[in-house]
Structures are given as C-alpha cells and as structure tokens.
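Report on the structure given below.
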Amino acid sequence: MAPAFPSGDDRADFGTGEHKQFSFHDIVLRNRLTALVVDGVDFCRLVEQGFLRSCGLETQGVNNGDAAVELIASGAKFDLIIIDMFLPVMDGLETTRRIRALGERCKIVGVSAYIGENDREAFLAAGGDVFSEKPVSPEVLIPILRELDGQYSNI
Amino acid sequence: MRRQLAIMRQSLFDQGYLDEQFIELEELQDDANPNFVEEVVTLYFRDSARLILNIQQALERKPFDFNKLDGYMHQFKGSSSSIGANKVKAESTLFREYCRSANAEGCLRAFQQLKKEYATLRKKLEAYFQLARQTGPLETASRPK
C-alpha cells in the first residue's frame, strides 16, 4: 500500500527526543527532478534550494509570485514548486491560482510561518497539493520526492 | 578548542536556542560550501535586523496597526524558523497571538522579550562562529544527545 502523503503539519518533535524519520540525505533519486522555489527572502530561498539540491534536484529560485508565473508561462517545466505564502506584491495563494490557471499540474507545496486549518483549506482550494509549516521538513518533503521519482510505483 | 566548540554547540541546543533546523543547515555544509551555515546565519541577522526595526517603528505609531505588525512578525518567524532559532521563533508566536487579539500591551511586552532573545542568540552565535573559524568546523553535524 502506497504511503499517504503527509498532511504537512506533522513534524517530528525534536524537543521530546523522538527519533526523526527522515534526513535530506536519505533519498536517492533515480530520475532527474526539477524544482522551483518561490520565496521573497533571499537566505530562505538559499536554504530551501540547498535542501532540494542535497536531495539531488535541480533547482531555480525566484523572489516573487509574478516572476514565478512568468517563468511557468514562458514554458519552464518543474516537477515541484515550493511557494511561500507570504510573498511581496502577489501572495502565495494568488501565485498558486495563476500557476494552475496556466494549466501547470506539477506538485505544489505551500509553506507558511503560521499554519491554520483555514490557511490550509484556502491553499488547497487555490490548487495547491501540500501545505506545510516553514521551513519544509524532510518528513514532509522526502515522501513527496519519492512519489515524484516513482519510488512508490511498485508498492 | 575543538572540545570547547563542541560544548558550545551542544549548549545552544540544550538551552533551547537552536533546534533541529540548524542541524539540517549544518548537513548542507561541505567542502564546496565550507561556511554555508555562517553565511546563512549572517544573512538572517541582516534581514531580521531590518524587520526588528520595522516592528519597532510600527510600535511607536499609535494606534497600532495590528495587521502590519502581524505581517512583519509572519516574515520574522519564517526567517527565524529557517535557521532553527527556537526561542526567537517561540517569542514570535507569542507576539503574533497578542497581535491577533489586538492586545497592545501584550505586543509591547512580547516584543521586548523577543528582542532580548534575539540579542542573546546573536551574541552566542557570533561567539560560536568566531571559535569555529579558529578551530575549523566540527567534522560531522551530529544531532545533540
């Protein structure tokens, strides 16, 4: 049975000493995967792209929603898009809507410093797939990458 | 000195200043990016100093624009979480709760505490990285016991 996608708001509680299930070094990709990171804060984008690269993905980063939409509209293709909900000018929700309106069907993960059920519902309604607290953890990301890589296809 | 560095690092986790996210950053550090963590942390303090100033200025204007304050804190928490700044992150959450309940006094108190935790973290990390530069980085990003 294929593992279900994580809900995005379950993270191993480091403070209780629970052993974390995943590390970003745990995954070995069989295929070339690409990701776009949309985050208005330069060092946050650096960190997020760093994690994805350590998992073996090729990444691009943009610092606002308009640039993300333009990139997709220009024909750029990604297996995964990670969007911060709090973006300058056009927020993450509107960015997600516009990307979906272009016909892009790749996996979209929304990240936010604060996550509430209303925020999650709004993101899913906008066309997003997984909503997670920022920064996105290995527990959230690794199962997504494995699914994109087809590692669950024989289960 | 290596032992001193390791003890200093351990205490940052034991005292709750840093969380697992910091270890994830350390695991991104390699020969190609030997100073990655310090570079990221430096960028964080540069970015967050600007936000602290914005919040400070917003708290000097009456009545408080709680929406604007909430926005600044949203950014601040996201940035702080991204480097594993555990205590600062917790104070950000408390501040935001006061914002959401439009509690001006609570916001002021929470902000003072947040600035205190932020300054302490900055001082500790500066000392840590200064020692790390003298010692050379620890070989593995070990999870604290």
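With the convex hull of its Cα atoms as the shape, the protein assembly as shown has an orientation-averaged projected area of 16.3 nm². Ranked from largest, the principal axis spans of the Cα set of the range B:64-125 equal 33, 20, 13 Å. Charge dipole (Cα centre; +1 on Lys/Arg Cβ, -1 on Asp/Glu Cβ; no other charges) of the protein assembly as shown amounts to roughly 700 debye.
Each Lys and Arg Cβ is given +1 and each Asp and Glu Cβ -1; about its Cα centre, the range A:43-126 then shows a dipole of about 240 debye. At each listed q (0.15, 0.24, 0.26 Å⁻¹), what is the log10 of I(q)/I(0) that the Debye formula gives for the range A:54-136 modelled as equal alpha-carbon point scatterers? Debye output, listed in q order: -0.48, -1.24, -1.43.
Applying 1/(1 + (r/R0)^6) with R0 = 25 Å to the Cβ-Cβ distance of A:Ser74 and A:Asp42, what FRET efficiency is obtained, to the nearest 0.05? E between A:Ser74 and A:Asp42, to the nearest 0.05, is 0.65.
Value of Rg to Rh for the range A:84-130, rounded to two decimals, is 0.93; Kirkwood radius and Rg both from alpha-carbon coordinates. Distance between the modelled labels on B:Ala102 and B:Phe129, one decimal in nanometres: 4.1 nm (7 Å Cα→Cβ projection).
Quote the FRET efficiency, to the nearest 0.05, computed for B:Gln4 versus A:Arg32 with a Förster distance R0 of 30 Å and r equal to the Cβ-Cβ distance. So, using R0 = 30 Å, E works out to roughly 0.10.
Among B:His74, A:His25, what is the fewest-to-most ranking by other Cβ atoms within 10 Å? List each step's numbers first, then the result.
On the way: B:His74 20, A:His25 12.
So the ranking, lowest neighbour count to highest, is A:His25, B:His74.
Taking the Cα centre of chain B as reference, the dipole from Cβ charges on Lys and Arg (+1) and Asp and Glu (-1) amounts to some 620 debye. Apply the a/c threshold of 1.5 to the C-alpha gyration tensor of the range B:1-75 and tell me whether it is rounded, prolate or oblate. Here the range B:1-75 falls in the prolate category.
Taking Lys and Arg as +1 and Asp and Glu as -1, the other residues whose beta-carbon sits under 13 Å from that of A:Ala122 total -3.
Taking a ≥ b ≥ c as the square roots of the eigenvalues of the Cα gyration tensor of the range A:94-155, is the shape rounded (a/c under 1.5), prolate (a/b larger than b/c) or oblate? Oblate. Extension gain, B:Thr93-B:Asp65: 0.36 nm per intervening residue step, less the Cα-Cα distance, totals 8.3 nm.
When the Cα positions of B:Gln75, B:Gln112, B:Ala90 are compared along the charge dipole of the range B:1-117, B:Gln112 comes out farthest toward the positive end, with charges on each C-beta of Lys, Arg, Asp and Glu. Measuring against 29 Å, Cα to Cα, the residue pairs A:Lys107/B:Lys115; B:Lys62/B:Lys116; B:Lys62/B:Lys123; A:Lys107/B:Lys124; B:Lys77/B:Lys123 contain A:Lys107/B:Lys115; B:Lys62/B:Lys123; A:Lys107/B:Lys124 as the ones spanning a longer distance. Remark: A:Ile82, A:Ile115 ranked as A:Ile115, A:Ile82, counting other beta-carbon atoms within 10 Å and listing the fewest first.
Please state the shape class of the range B:40-145: rounded when a/c is under 1.5, otherwise prolate if a/b exceeds b/c and oblate if not, all from the C-alpha gyration tensor.
Working: a/c = 2.78, a/b = 2.31, b/c = 1.20.
Prolate shape, in that a/c is at least 1.5 and a/b is the bigger ratio.
Taken together, the values in this text are just the output of simple stated rules run on the coordinates, not laboratory data. Keep in mind the model is a prediction, meaning the values are calculated, not measured. All Cβ positions, even for glycine, are placed from backbone atoms using ideal geometry, and neighbour counts span all protein chains on display.
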